[in-house]
Amino acid sequence: MAAPNIDTIVSLAKRRGFVFPSSEVYGGLGSAWDYGPLGVELCNNVKQSWWRWIVYDRDDIEGIDSSIILNRLVWKYSGHEATFNDWLIDCRKCKARFRADKISDNKCPSCGASDWTEARPFNTMLQTKLGAVADDDPTALAYLRPETAQGIFINFLNVQTTMRRKLPFGIAQVGKSFRNEVTPGNFILRTREFEQMEMEYFVSPTAEHSKLVDYWVEQYVEWFGSLGISRENLFLYEVPEDDLAHYSRRTVDIMYRYFPEREKPWEELMGIAWRTDFDLSTHSKNKVDAEGKRINPDSTEDLSYFDEPTKQRFYPHVIEPAVGVNRTVLAVLMDAYSEKTNDKGETRVILKLSPQLAPIKAAILPLAKNKPEIVGMAKAIKRSLQPVLRAVYDDTGGIGKLYARQDEIGTPFCVTVDHQSLEDEAVTVRDRDTWEQERIKVADLAEHLQKRLKPYPVTQPEVV
Ligand code: GAP
């Protein structure tokens, strides 16, 4: 089973230290969330899994980390200043404000009226100002990036030349992005500050771009599977031509069933877009329009590529898989949620997180906390495991309660130290999902746990 709704996850996340509403001591800040001790581990594990999979396990992708604040001209020529808009409408009756594309039946979701103002554009890039004279100086305006992608495009030549790359190859980046969303909401699904994992895959203008979109869709469906997200909770959506972003010739969204209780359960988890050569050419000094006029008189670089075998120079096309960290974390939590009834008839929550994502891999629990030898042995085991896997020591309750707590936060293994351990140098390892127990020698424990924690393998065929 998966979580019946997002609210179940909101309450678990707050109760158990995954995610807290931000700025709560001042009444909160709409749609801002802080990641707690377990949430930060889960996010880090998702990002590490992605980085290993996309940068280390392949031979055709490099990683970078570009600035969040870029030269404003980047956003002028990327088209974001002119077109990164949401269309706003106001209800004349109750004055509530909405995104026009989110109103499907022409009725105001707040009061039910159908009396709207004209739709008007609202640029969703978050503004800031740079420098000490910022308030008086209009040139001090800058933006917090709304996507990590532009930092990749403007570094295309730096990466290609320093790493001596030939097409096809990709550049990956993970980091924060910001959008002044008109209607944020649904927990961490839509926020003004969020994190993206984006990869720009540069290919020849004559490559089979549509096939490459399909290739990356398949890869990501597999990767989500390795994170424990079931295929039946994913839906592939071919974005209609009218709804494509200004740079895209084809986009497939991978949607997740975030709203299983609703008639329309799907919301975007990620998008895979064929961005053509739009971005590299728009940032290039040599690109000219149909009349031979430079399209970018401000650029000092030409981001074209010289293809040695064909002796041709061109602007590579790009296939871009763009995924949100926060939306992945929410999908992972929803899919991992399950309930199980014990022999006393009590219902327990078990978070069946993939072992690679679990914030804590093993909890070391002493059966008797008033027995110094048992406590000492348990703490020593925790310390010996820590260099190879994330382990915690916990003696703050009876063993039943301790097991239940670890199940609820997705810890794959509980290791219990008891009286017998002092004699046979062995401990009981309890499995989170089956509740089965096994006796393991302390000397073999680290290897035993590491073997069982291995991530599911993901095969990645070469790009065709
Ligand atoms: N570079 C392309 C790009 O940014 P996007 O579809 O606008 O494409 C990619 O964003 C992904 O980033 C989305 O599929 C989603 O996972 C995440 N994302 C976008 N806006 C978000 C928001 N306001 N809150 C949380 N995640 C967001």
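The values are calculated or read from the model by the stated rules, or taken from the named source; none is laboratory data. Since this is a predicted model, take the numbers as computed values, not measurements. Neighbour counts run over all protein chains shown; Cβ positions are idealised from the backbone, glycine included. The accessibility values were calculated without ligands, DNA or RNA, using every heavy atom of the protein model including side chains. Shrake-Rupley method; radii C 1.70, N 1.55, O 1.52, S 1.80 Å.
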Requested in this report: Quickly rank 362-368, 284-290, 224-230 as a protection proxy: mean count of other C-beta atoms within 10 Å, highest first.
Outcome: 362-368, 224-230, 284-290
Query raised in the report: When the accessible area of the chain is computed with all protein chains present and a 1.4 Å probe, what percentage of it is carbon and sulfur?
Result: 49
Query raised in the report: At residue 115 and residue 450, where each label point lies 7 Å from the Cα along Cα→Cβ, what is the point-to-point distance in nanometres?
Result: 7.1
Query - From phi via Karplus (6.51, -1.76, 1.60), per-residue ³J(HN,Hα) for the stretch 23-36 in Hz, x at Gly/Pro - result: 6, 4, 5, 10, x, x, 9, x, 6, 10, 10, 10, 8, x
Report task. May I ask for the angle, rounded to the nearest 10°, between helix 399-408 and the longest principal axis of the chain, with both axes built from Cα atoms and the value confined to 0 to 90°? Result -> 10
Query - 222 nm mean residue ellipticity, helices alone, for the chain (DSSP H n ≥ 4; -39,500 (n - 2.57); rounded to 500) - result: -7500 deg cm²/dmol
Report summary line: For residue 302, other-chain or 5+-apart residues with amide H closer than 5 Å (H placed, Pro excluded) are 285
Requested in this report: Run down the lysines and flag those whose C-alpha is under 18 Å from the C-alpha of residue 176, throwing out any fewer than 8 positions away in its chain.
Outcome: 47
Query raised in the report: What are the ³J(HN,Hα) values, in whole Hz, obtained from phi via the Karplus relation 6.51 cos²θ - 1.76 cosθ + 1.60 with θ = phi - 60°, for each residue of the stretch 428-435 in sequence order, with x given for Gly and Pro?
Result: 9, 9, 10, 8, 4, 7, 9, 6
**Report entry** Rg and Dmax of the chain, Cα atoms only, in Å
**Finding:** 25.7, 87
**Report entry** Three principal axis lengths of the stretch 269-411 [C-alpha, angstrom, descending]
**Finding:** 84, 35, 31
**Report entry** Sequence ranges 206-219, 109-122, ranked by mean other-Cβ count within 10 angstrom, highest first
**Finding:** 206-219, 109-122
Report summary line: Relative to the chain, whose Cα atoms define the longest principal axis, helix 37-51 and its Cα axis are tilted in degrees, nearest 10, by 60
Query raised in the report: With N residues in the stretch 120-240, what two-decimal value do you get for its Cα radius of gyration over 2.2 N^0.38 Å?
Result: 1.37
Requested in this report: Pull out the extension gain between residue 48 and residue 135, defined as 0.36 nm times the separation in residues minus the alpha carbon to alpha carbon distance; nm, one decimal.
Outcome: 27.3 nm
Query raised in the report: Near the amide H of residue 410, under 5 Å away, which other amide H atoms are found, from residues 5 or more places off or on another chain, if H is placed in the peptide plane?
Result: 351
Query raised in the report: Nearest 10 degrees, 0 to 90: what angle lies between the long axis of helix 209-226 and the longest principal axis of the chain (Cα atoms)?
Result: 20
Report summary line: Looks like the stretch 205-316, by Cα gyration tensor root eigenvalues a ≥ b ≥ c and the a/c under 1.5 rounded cutoff (else prolate when a/b is bigger than b/c, oblate otherwise), is prolate
Query raised in the report: Given H placed on each backbone N at 1.01 Å, which residues far from residue 19 in sequence or on other chains put an amide H within less than 5 Å of it?
Result: 14, 36
Report task. State whether the stretch 334-464 is rounded, prolate or oblate according to the following rule on the C-alpha gyration tensor (a ≥ b ≥ c being the square roots of its eigenvalues): a/c under 1.5 gives rounded; otherwise a/b larger than b/c gives prolate, and the remaining case gives oblate. Result -> oblate
Query raised in the report: Taking the stretch 347-392, how many lysine pairs are there with alpha carbons less than 16 Å apart, if each pair must be eight or more places apart or span two chains?
Result: 6
Query raised in the report: Of 166/293; 14/264; 264/451, which ones are farther than 32 Å apart at the Cα?
Result: 264/451
Query - J(HN,Hα) series, the stretch 356-362, from Karplus relation 6.51 cos²θ - 1.76 cosθ + 1.60, nearest Hz, glycine and proline x - result: 5, 9, 4, x, 10, 8, 8
Report task. Take the alpha-carbon centre of the stretch 344-398, take the same for the stretch 78-95, and report the distance between them in whole Å. Result -> 50
